[in-house]
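Enquirer: Shown below is the structure under consideration.
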Amino acid sequence: MKVTTPNVTTQNMTTIVSAKDLQAYYVTNAYGVARTVKAVDNISIDIQQGEVYGLAGESGCGKSTLLKVLLGDIQPPLTVLGGSVHYQLDGELQDAATMTVEDKRDIRWRQVSYIPQGSMHVLNPVRRIQDTFHDFITTHKQTTKRESKEMTQSYLRDLGLPEKVMRSYPHQLSGGMRQRVTIALATILWPKLIFADEPTTALDVVVQRGVIQLLRDIQHKENSTVVLITHDLGVHANLADRIGVLYAGKLVEEAATKTILKSPQHPYTKYLINSLPSFAGHSAKESIPGRPPALDKPPQGCRFHPRCPLAISKCEHEEPPMLELAPGHRAACHLLTSSSA
Amino acid sequence: MKILIDLIRFSPSFRVGTMILSIVVTLLVMSFFSPYEADERRAVPRNEPPSRNYILGTNSQGQDVFWMLTFGIRNSLIVAGLAVAIGRGIGVILGLVSGYLGGLWDRVLSSVVDSFIVIPRLPLLILIAVMVRGQLTFIGLGIILGLLDWAFPSKRYRAQILSLKERDFTQTAVFSGMRTFKIVTQEHLPFITPLLLADIVSGFLFALGMEVTLAIFGLSDMDTQTIGTMIYWGNYYQALLTNRIWVLAAPIIASVVVVVGFYLISLGLTTYLDPRTRLVRLQAQS
């Protein structure tokens, strides 16, 4: 595979992971019925070192699939058809597609870590928390039980988690505590790049706040990079530096958090932002008409056009290209071309 | 080890079962200090009822029933232990292989296991025993019993592994770069161990029952003292008609006691395996 140099942006930061024209489909062929679910279609993303990058979008728009591809955790039926993923770790450029199993095993958890979705079952129910930590630490480091215990202890103390959780079993912890322990487990080896898949889902807002705070603390401490996936724009507003909005397997808009919230350009993003509750108005919130399309047969042209109130005839046939509206602000919509032209 | 201490502390049935089995084990050990050879006849006065000298009486062949019983228990447990070791050994290995490897391995092994499950075991055993009559030693019997009792256990392990493989914590461990061997031994073994313990106990019950059944029909190695052959020879020499009930009572009571002991232990293990009672116990500990 050809190695291309990823874009280095003007902000004097290095790209830690970059995806180019990524295409990942779920290809199934059961009993003669072939089905292709286009979960990630032509997505290019550059994630800078030290930033919190938020991926937003509704259920089934390909968020988790994109994450899997970025992590290099590709198992059938998921198939990568095109594009590339590059990591920039320790000043070394690595192509996820050509990395061997051993290479991947080596960087995972130590450099690239993952906070799984739904912390309920992530921890082994028959092992104490400290044993689970020991297992994960010794996967990458040669430590005795005592050393890993001390390591865990001081790390949990740093994060402000009670030390007694170490001797507990997962079922003895509350949902929020379990989520925090999972986050601590994912970051115990100080990874540079952390992928968090819906870390605040199924928690109430007070606990959410604690979890967000914890993530932010970890990110500040080591200046690590966090890729945050959630459908909750409130969490994004709190945590993310930049937001990418996904719709039906495509990236529709990407900008700094402030820009997205203040002046969204894509009609879909506008709907998303307008649906957020605000202090000022008490008007009824408008929902987007229709439902997200099934990804095995996405609409022609712009995938949002059947639901878009502003759609023009061009939208039905032609896929809108990604446009650079301002430095760091990209959107894919025909209306933006015609208005700027 | 910790599991055993837990069990003795929290499960009354396991405690009683352990006590019964420790008596049985004591008898087994005593067989090595017997004053008579296992098949020595006319060593003591014949047909004595239980008395101070002969705790369980003597039989018409001039053998001391108590010392016969110690040999019987020893040999019966050897048969059962051999059967369990072979049966569970095959079962665990096949279950783990078809669970972890999956795919073609799983399909082939599963169909073999399924065909073994539908074979009726007692008629087959009787057939085998009749065919090799006279040549079948009690060791051979143990091996045959073991070879017939692995299909169901292997299904259980396969099912357990399949479920463990799909759990989130396994997938997280795999993602973190943990080696398969470590995942199996560190993350999955704690789930398998209690199951294996319960399985071993139920295997003992099956093998003891089969041994006694075959011996009563006169189909096993009749020259070796086992619980079953003691009952057979007691009947053969008309112990009931001649009112020498102690000759039969000793092996029958012994077999009931051994079975009840193992059953109580398996009962305790089942309670231990039940996740709900396990939760309560874990909370009581911490």
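Enquirer: When both residues are 6+ apart or on different chains and their Cβ atoms are under 6 Å apart, which pairs have a first residue that lies in the stretch B:211-226 and is at negative phi, and a second that is part of a helix (DSSP H, G or I) and of a type in the set (S, T, N, Q)?
Expert: B:E211/B:S76; B:V212/B:S255; B:A215/B:T229; B:M222/B:T229; B:T224/B:N75; B:Q225/B:N75; B:T226/B:N75; B:T226/B:S76
Enquirer: Pick from the stretch B:156-180 the residues that are within 14 Å of B:S98 (Cα to Cα) and crowded, with 19+ Cβ neighbours inside 10 Å: which of them is farthest from the other protein chains (Cβ to nearest Cβ)?
Expert: B:R158
Enquirer: OK, next. What are the residues in the stretch B:231-254 that are closer than 29 Å to B:A198 by Cβ and touching a residue at least 60 places away in the same chain (Cβ under 8 Å), if any? Spell out the reasoning first.
Expert: So the first thing to find is which residues in the stretch B:231-254 are closer than 29 Å to B:A198 by Cβ, and the list is B:231, B:251-254.
Result: B:P251, B:A254.
Enquirer: So A:T98 clears everything in (1) over 13 Å from the mean Cα position of the chain (by Cα); (2) part of a strand (DSSP E or B); (3) hydroxyl-bearing (S, T, Y) except one condition, right? Which one?
Expert: Tallying (1) over 13 Å from the mean Cα position of the chain (by Cα); (2) part of a strand (DSSP E or B); (3) hydroxyl-bearing (S, T, Y), A:T98 fails exactly one: (2).
Listed here are the residues, each with its yes/no results for (1) surrounded by 14 or more Cβ atoms within 10 Å (Cβ to Cβ); (2) within 14 Å of chain B (Cβ to nearest Cβ).
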| residue | (1), (2) |
| --- | --- |
| A:T98 | no, no |
| A:I107 | yes, yes |
| A:R110 | yes, yes |
| A:Y114 | yes, yes |
| A:I129 | yes, yes |
| A:D135 | yes, yes |
| A:K145 | no, yes |
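Enquirer: Right, another one. Filter the stretch A:72-95 for residues that are in a loop (DSSP other than H, G, I, E, B), over 19 Å from A:W190 (Cβ atoms) and either of a type in the set (F, W, Y) or more than 11 Å from every other protein chain (Cβ to nearest Cβ) (or both) and give the result. Break it down stepwise before answering.
Expert: Going residue by residue through the stretch A:72-95, those that are in a loop (DSSP other than H, G, I, E, B) are A:72-77, A:90-91.
Remaining after also requiring over 19 Å from A:W190 (Cβ atoms): A:72-77.
Across the stretch A:72-95, the qualifying residues are A:I74, A:P76, A:P77.
Enquirer: A follow-up question, please. Anything in the stretch A:116-125 that is more than 16 Å from A:L71 (Cβ to Cβ), buried (at least 19 other Cβ atoms within 10 Å of the Cβ) and not small (G, A, S)? List them, or say none. Before the answer, list the steps.
Expert: To start, the set of residues in the stretch A:116-125 that are more than 16 Å from A:L71 (Cβ to Cβ) comprises A:118-121, A:123-125.
Add one more test, that the residue is buried (at least 19 other Cβ atoms within 10 Å of the Cβ), and what stays is A:119, A:123-124.
Within the stretch A:116-125, A:L123, A:N124 meet the criteria.
Enquirer: Could you check B:A239 against (1) among the aliphatic types (A, V, I, L, M); (2) in contact with a helix residue (DSSP H, G or I) (Cβ under 7 Å, 6 or more places away or on another chain); (3) assigned to a helix (DSSP H, G or I) and say which number it fails?
Expert: (3)
Enquirer: So how many residues does the stretch B:184-218 have that are aromatic (F, W, Y) and within 14 Å of another protein chain (Cβ to nearest Cβ)? Full working, then the answer.
Expert: Taking the stretch B:184-218 first, the residues aromatic (F, W, Y) are B:191, B:204, B:206, B:217.
Checking the rest, the ones that are also within 14 Å of another protein chain (Cβ to nearest Cβ) come to B:191.
Looking only at that region, the number is 1.
Enquirer: Report yes if some residue within the stretch B:91-112 is crowded, with 18+ Cβ neighbours inside 10 Å, of a type outside the set (F, W, Y) and under 18 Å from B:I252 (Cα atoms); otherwise report no.
Expert: no
Enquirer: Name the residue that is farthest from A:Y26 (Cα to Cα), counting only residues in the stretch A:74-84 that are aliphatic (A, V, I, L, M) and touching a Lys or Arg at 6+ places or on another chain (Cβ under 8 Å).
Expert: Of the stretch A:74-84, the ones aliphatic (A, V, I, L, M) are A:74, A:78, A:80-81.
Going one step further and asking which of them are touching a Lys or Arg at 6+ places or on another chain (Cβ under 8 Å), we end up with A:74, A:78.
On the way: A:I74: 10, A:L78: 4 Å.
Here the answer is A:I74.
Enquirer: In the stretch A:51-69, how many residues are touching a helix residue (DSSP H, G or I) at 6+ places or on another chain (Cβ under 8 Å) and either farther than 18 Å from A:L272 by Cβ or in a strand (DSSP E or B) (or both)? Talk me through it step by step, then tell me what you get.
Expert: Let us first name the residues in the stretch A:51-69 that are touching a helix residue (DSSP H, G or I) at 6+ places or on another chain (Cβ under 8 Å), namely A:52, A:54-57.
Among the residues that remain, those that are also either farther than 18 Å from A:L272 by Cβ or in a strand (DSSP E or B) (or both) are: A:52, A:54-56.
Result for the stretch A:51-69: 4.
Enquirer: Kindly evaluate A:I288 against the criterion of being more than 30 Å from A:Y155 (Cβ to Cβ) and modelled with pLDDT under 85.
Expert: Against the criterion (more than 30 Å from A:Y155 (Cβ to Cβ) and modelled with pLDDT under 85), A:I288 qualifies.
Enquirer: Separate question: Considering each of A:A196, A:A186 in turn, give the residue that is within 25 Å of A:G57 (Cα to Cα), among the small types (G, A, S) and within 11 Å of another protein chain (Cβ to nearest Cβ). So that I can check it myself, show each step before the final result.
Expert: Values: A:A196 fails: within 11 Å of another protein chain (Cβ to nearest Cβ).
The unique qualifying residue is A:A186.
Enquirer: Right, A:D103: modelled with pLDDT under 85, in a helix (DSSP H, G or I), more than 11 Å from every other protein chain (Cβ to nearest Cβ) and under 27 Å from A:D90 (Cβ atoms) or not? Step through it out loud before you land on a result.
Expert: Numbers: modelled with pLDDT under 85: yes; in a helix (DSSP H, G or I): yes; more than 11 Å from every other protein chain (Cβ to nearest Cβ): no; under 27 Å from A:D90 (Cβ atoms): yes.
No, not satisfied.
Enquirer: Still on this structure, I have one more. Any idea which residue in the stretch B:165-202 is farthest from A:N124 (Cα to Cα), counting only those that are modelled with pLDDT of 85 or more and among the small types (G, A, S)?
Expert: Checking each candidate, the answer is B:S202.
The values are calculated or read from the model by the stated rules, or taken from the named source; none is laboratory data. In this text the structure is predicted, and so the values were computed from the model without any measurement. Note: ideal-geometry Cβ built from the backbone for every residue, glycine included; neighbour counts use all protein chains shown.
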